[in-house]
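**Q** The structure that follows is given in the form of structure tokens.
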Ligand code: ATP
């Protein structure tokens, strides 16, 4: 029996998570679903957004299915990411016929972004330039002392050898797995190493050195702006893409745009001991309360979770059912040019299972 914690999140997010969990439960797999108190409800009942009881439930679980948060579920998300050290954010971009891609020919788009999930700018050490004064730093591009630049702010970009090497190993293993499934199995790295040699250059250097442990995985490396152009112009050429945290966050939303939008993009965050799954999109506050959010991203995140938990057959049945609904062109949600509600779309998926 596997244990899964469900965190519904805020705004429109519960409208996707609740019916998706209902659908997953209807598969009657050996999973116990748990709903610990988290967020605004937990503050009311336990006086805390993330009570100990919820943390214990996550620790005792095999995985978490997370919605999206606009704040109240944030402490739980921080724990799932930094507390559980889920360092590899996997964001697949696969186009399915019927999905509303803006490209003339999106056929064959099927790649995965692996985003380093814990460091880079996301260490979130920001501050006033004044606090850097004792360091007496100099900007080689501006040709002047940072102390002469204020008033202003800074943000720290941290790239460590350990975090870069482990996410690179994860990406290379994924490339191998994908090759076994019939994909090219090669790795593309994107960094701004020309402008930022000491940080992005270091990411690239460590990633290239680590990838040499996988001589069967071909590796290419592009400057991130060149990568952005390639992402749009020839996305079919990509297979596994390794990016530092911030570029990975931005580029994966762009990748979601290519395949038909945020409503379609799932993700999984993997560590050595734990993994949790969440749609790549946010809480879509502008459509909250309308039963119109596209639940595909959440459902496909659930499919990734089932694969991770060892329910491969159920996962591929579900994926096929989703693909069939899109191919049929019926029961599509508003973001895909249809008129179906969230629940009507999921009913159509269930009917094809
Ligand atoms: P975050 O910063 O939390 O990632 P965001 O700024 O990317 O959030 P989203 O909440 O993802 O914002 O929403 C961006 C736009 O996309 C909104 O107009 C929203 O309604 C739409 N959107 C996001 N997810 C979906 C979805 N699943 N179905 C339909 N529309 C969506």
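What follows draws every value from the coordinates through simple rules; no lab data is involved. Just so you know, these numbers come straight off a predicted model, no measurement behind them. Cβ coordinates were reconstructed from backbone atoms using ideal geometry, including for glycine residues, and neighbour counts include every protein chain displayed.
**Q** Which of 306, 29, 80 ends up with the largest GNM mean-square fluctuation for the chain, with Cα atoms connected below 10 Å?
**A** Top of the fluctuation ranking is 29.
**Q** Sticking to Cα atoms, compute the Rg of region 188-245 to one decimal and its Dmax as the biggest Cα-Cα distance, whole number, in Å.
**A** 11.4, 31
**Q** Counting other beta carbons within 10 Å of each residue's own, what order do 148, 249, 272 fall into, fewest first? Intermediate results must be reported in sequence, preceding the final value.
**A** Numbers: 148 9, 249 19, 272 12.
Final ranking by Cβ density, sparse to dense: 148, 272, 249.
**Q** Suppose we keep just the DSSP beta bridges with both residues in region 1-135; what percent of those would be antiparallel, to 5? Could you put the intermediate results ahead of the total?
**A** Values: 7 of 16 bridges.
Bridges in region 1-135 are about 45 percent antiparallel.
**Q** Same structure, new question: Nearest-5 percent of antiparallel DSSP beta bridges in region 86-243? Before the final figure, lay out each step's value.
**A** Details: 13 of 25 bridges.
The antiparallel fraction comes to roughly 50 percent.
**Q** Which one of 321, 255, 233 has the biggest mean-square fluctuation once the chain is modelled by GNM with Cα springs under 10 Å?
**A** 233
**Q** Which number comes out as Rg/Rh for region 113-237 once both Rg and the Kirkwood Rh are worked out on C-alpha atoms? Write down the numbers at each step before the final one.
**A** Details: Rg = 17.7 Å, Rh = 16.5 Å.
Ratio of gyration radius to Kirkwood radius for region 113-237: 1.07.
**Q** May I pose another question? Would you please classify the overall shape of region 286-333 from the alpha carbon gyration tensor, given that a ≥ b ≥ c denote the square roots of the eigenvalues, rounded means a/c under 1.5, and beyond that prolate means a/b larger than b/c while oblate covers the rest? Can you show the working numbers first?
**A** On the way: a/c = 4.28, a/b = 1.49, b/c = 2.87.
Cα axes put region 286-333 in the oblate bin.
**Q** With a 10 Å radius around each residue's Cβ, average the other Cβ atoms per peptide and rank 263-271, 34-42, highest first. Please report the intermediate quantities before stating the final value.
**A** Working: 263-271: 24.4, 34-42: 18.8.
In decreasing order of mean packing, 263-271, 34-42 become 263-271, 34-42.
**Q** Here's another thing I want to ask about it. Arrange the following residues from fewest to most other Cβ atoms within 10 Å of their Cβ: 122, 247.
**A** Values: 122 18, 247 23.
Taking fewest neighbouring Cβ atoms as first place, the list is 122, 247.
**Q** Turning to a different aspect of this structure: Relative to the longest principal axis of the C-alpha atoms of the chain, give the angle of the C-alpha long axis of helix 296-309, reported between 0 and 90° and rounded to the nearest 10°.
**A** Around 90 degrees separate the two axes.
**Q** Over region 124-184, what per residue volume does the convex hull of the Cα atoms give, in whole Å³? Provide the component values of the computation, followed by the final result.
**A** Working: hull volume 8.3 nm³, N = 61.
So the per-residue hull volume is 137 Å³.
**Q** Continuing with the same structure: Mean separation of Cα pairs under 8 Å and 6+ residues apart, divided by the residue count of the chain: what relative contact order is that in percent?
**A** Reported as a whole number, the value is 23 percent.
**Q** Roughly how many Å is it from the Cα centre of region 2-73 to that of region 278-328, as a whole number?
**A** 16
**Q** What number do you get for region 16-83 when its Cα radius of gyration is normalised by 2.2 N^0.38 Å, N = residues?
**A** Working it through for region 16-83, the quotient is 1.14.
**Q** Sequence gap at least 6, Cα distance under 8 Å: using those rules, report the relative contact order of region 225-353 to the nearest whole percent.
**A** Answer for region 225-353 is 18 percent.
**Q** Another question, if that's okay. Compare 323, 105, 120 in a GNM of the chain, Cα atoms joined below 10 Å, and give the one with the largest fluctuation.
**A** 105
**Q** In the P(r) worked out for region 44-131, what percent of Cα pairs fall beyond 18 Å?
**A** Distances greater than 18 Å cover 63 percent of the Cα pairs.
**Q** Could you list 293, 58 in order of exposure, starting from the residue whose Cβ has the fewest other Cβ atoms within 10 Å?
**A** Ranking 293, 58 by Cβ neighbours within 10 Å, fewest first, gives 58, 293.
**Q** Just for the Cα atoms in region 223-353, what are the lengths along the principal axes, largest first, rounded to whole Å?
**A** Computed over region 223-353, the largest-to-smallest principal extents equal 45, 34, 29 Å.
**Q** Considering only DSSP beta bridges with both partners in the chain, what is the antiparallel share in %, to the nearest 5?
**A** 40
**Q** Between the helical axis of 13-25 and the dominant principal axis of the chain, each derived from Cα atoms, what acute angle in degrees is found, rounded to the nearest 10?
**A** Taking the Cα atoms of the chain, the angle to 13-25 is about 50 degrees.
**Q** Something else now. Quick one: helix 245-259 against the long Cα principal axis of the chain, what's the angle to the nearest 10°, folded into 0 to 90?
**A** Once rounded, one gets 40 degrees.
**Q** Defining a contact as two alpha carbons under 8 Å apart and six or more residues distant in sequence, what relative contact order in percent does region 137-289 show?
**A** Computed value for region 137-289: 19 percent relative contact order.
**Q** Hey, can you rank 155-164, 85-94 by average C-beta count inside 10 Å, highest first?
**A** 85-94, 155-164
**Q** How long are the semi-axes of the equivalent ellipsoid of the chain, defined as square roots of 5 times the Cα gyration tensor eigenvalues? Whole Å, largest first.
**A** Working through the eigenvalues yields semi-axes of 34, 26, 20 Å.
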